[in-house]
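*Asks:* Before I ask anything, let me first share the structure, which is written out below as structure tokens.
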Amino acid sequence: MSNNQELGITVSKDKNISEWYTQVVKKADLADYAPVKGCMIIKPYGMKIWERIKTKFNQMIEEEVDNAYFPLLIPESYLEKEKDIVEGFDPEVAWVENAGKDGELEERLAIRPTSESIIADYMSKHIRSYRDLPFRINQWANIMRWEATDTRPFLRTREFLWQEGHTAHRDEESATEEVIKRLEQYADLFQDLMAIPVLKGKKPEHDKFPGATITTTVECLMPDGKSIQAGTSHNLGTNFSEAFDIKYEDENQEKHLCHTASWGVSTRSIGALILAHGDDKGLVLPPNISPIEIVVVPVFVGDNDEEIQEYSEKVMEELDCFRTELDDDKNRSPGFKFNHWELRGVPLRIEIGPNEVENKEVTLVRRDNGEKTTEKVSNLDDKVEDVLEDIQYSLYKKLKDYRDEHINEAESLEEILGIIGKKRGYVKSLWCGREGCEREVKEKVHAEIVLTPFDEEREIPDEGKCAVCGEKAEEIAYFAKNY
């Protein structure tokens, strides 16, 4: 056990969330800093959380989408085929210009900032007929974007892991359906697996993914009042099809450009998970995503050690349908073990001492609220399942109540600035659609438009005016500080 873990968390989340976050990441054994600035080492415990996200999302898409893998290195000529990609990612791209004994390369190779270009080229070679559509492929991969300066593990790193889905369709309607379907799946992923409520909507025109006609997003409000862009889904129109000649032949042997889409979620989701639920003791994990749902801790007191050990092992057998860990290390005190597993966010602790053995009971301790109850061993699996379900629900409800209480409406620039300056959360207001009005807010309080709601959720009065400039309103905008 490292000294870092022994010390526990030494700062309050409310008083210094930045330092608190760094300590949780390191002391809960999620990640560490890498030799290259802005990169991270994802440790086994952090990787297990990512694997649970991967498994859940693969289950969501497996009936329609095939997983594949594409090269890390992308020829510069591929990026140059789509001008918006070149312009949008140019400051972020890391290049390989020299290699091995050959020295300087004939063509620079980009270290994958995103894979639209190389997968578009692949699509152009494998799509021939309308029968090939919709064409769907997904990869789990690493990404390199060099612009990151204020880096933090998981939240903002130069290299990160993600999945990126890429699809091709007959028409705009089919591509739009794809975009919304994947966005809904991201919402379910965060809400059902991670117990984090989301808002769904579109990014402003000036904040779209390079090359997209529409970018949709799921946003999560963190307890410090900042928003996290948790996942995005993009309608790419025919931009990449035009650049890479992605065409299909219809029933009448006429050729048409495909409409394409892409969608992705990254290890930033783990950063959101840490911020959303963690407390001054460390990580708090919802049962659905936790690598360990239950830790069983025998409390040895000397003469009863063997009896307590046997009883604890029988309890483990009762709970074999859960992800359970037995911490029977006699070289560590019960208090040390309790703190260790609380730091790592395990949802439920089961304590077993002489009294529990004598009474054929166990003591359950919830990580989310510290509540302690005693239960008989008979039908323990049913009781534990109920407790875990309640923990999952309670964590979600707590965040949803917070989110709903921190959506404030504003009708003027002064109100927007005042709310963001004094309160936490989202500011909902009417907006003319011009980037200049967002920039005015951004320059004064470092907040921006994180989303505009979908058409069916908009309620713009006929005489509605932009809260910033007073001109006719075209959108409803949610302003917030963000990560």
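*Asks:* Which percent, to the nearest 5, of DSSP beta bridges fully inside region 371-478 are antiparallel? Each step should come with its number before you reach the end.
*Replies:* On the way: 6 of 9 bridges.
Just about 65 percent of them are antiparallel.
*Asks:* Could you state the orientation-averaged shadow area of the convex hull built on the Cα atoms of the chain, in nm² to one decimal?
*Replies:* 27.7
*Asks:* Continuing with this model, one more query. Can you pull the Rg over Rh of region 98-142, Cα-only, Kirkwood?
*Replies:* For region 98-142, the value is 1.15.
*Asks:* May I ask you to compute the full-extension gain from residue 331 to residue 245, defined as 0.36 nm times their residue separation minus their alpha-carbon distance, rounded to one decimal in nm? Write out the running numbers ahead of the final one.
*Replies:* Values: separation 86, 0.36 × 86 = 30.96 nm, distance 6.57 nm.
That works out to 24.4 nm of additional length.
*Asks:* Could you line up 51, 104 from fewest to most neighbouring Cβ atoms inside 10 Å?
*Replies:* 104, 51
*Asks:* In this model, which of 376/398; 13/481; 203/428; 181/472; 400/423; 56/383 are farther than 22 Å apart at the alpha-carbon?
*Replies:* Beyond 22 Å: 376/398; 181/472; 56/383.
*Asks:* Right, here's the next one. Using only DSSP helix segments of four residues or longer, with each worth -39500 (n - 2.57), what per-residue ellipticity at 222 nm results for the chain after dividing by its residue count and rounding to 500?
*Replies:* -10500 deg cm²/dmol
*Asks:* Quick one, can you get me the convex hull of the C-alpha atoms of region 294-394 expressed as volume per residue in Å³? List each step's numbers first, then the result.
*Replies:* Values: hull volume 9.0 nm³, N = 101.
With only Cα atoms used, region 294-394 gives 89 Å³ per residue.
*Asks:* With the radius of gyration and the Kirkwood radius both derived from the Cα set of region 407-480, what is their ratio Rg to Rh?
*Replies:* 0.93
*Asks:* Just grab the label-to-label distance for residue 130 and residue 389, each label 7 Å out from Cα along the Cβ direction, in nm (one decimal).
*Replies:* In this crude label model, residue 130 to residue 389 measures out at 4.7 nm.
*Asks:* Let me ask another. Distance between Cα centroids, region 69-102 to region 284-340: provide it in whole Å.
*Replies:* 50
*Asks:* Going by the alpha-carbon gyration tensor, a ≥ b ≥ c the square roots of its eigenvalues, is region 129-210 rounded (a/c under 1.5) or, if a/c is not under 1.5, prolate (a/b greater than b/c) versus oblate?
*Replies:* prolate
*Asks:* Work out how much length residue 68 to residue 181 would gain on full extension: take 0.36 nm times their residue separation and subtract the Cα-Cα distance, in nm to one decimal.
*Replies:* 38.6 nm
*Asks:* I would also like to ask the following. Quick one: order 446, 406, 169 by neighbouring beta-carbon count within 10 Å, fewest to most. Write out the running numbers ahead of the final one.
*Replies:* Working: 446 10, 406 17, 169 22.
Ascending number of Cβ neighbours within 10 Å: 446, 406, 169.
*Asks:* Would any residue of region 154-171 have its amide N under 17 Å from a label point 7 Å out along Cα→Cβ of residue 43? List them or say none.
*Replies:* Counting only backbone N, you get 154-155.
*Asks:* Label point 7 Å out from residue 150 along Cα-to-Cβ: which residues of region 199-242 have amide N under 13 Å?
*Replies:* 226-227
*Asks:* Going by C-beta contacts inside 10 Å, put 129, 290, 174 in order with the fewest on the left.
*Replies:* 129, 174, 290
Each reported figure results from applying straightforward, stated rules to the coordinates on display, with no laboratory input. This structure is a prediction, so every number in the text was calculated from the model and none was measured. Every residue, glycine among them, receives a Cβ derived from its backbone with ideal geometry; neighbour counts consider all protein chains shown.
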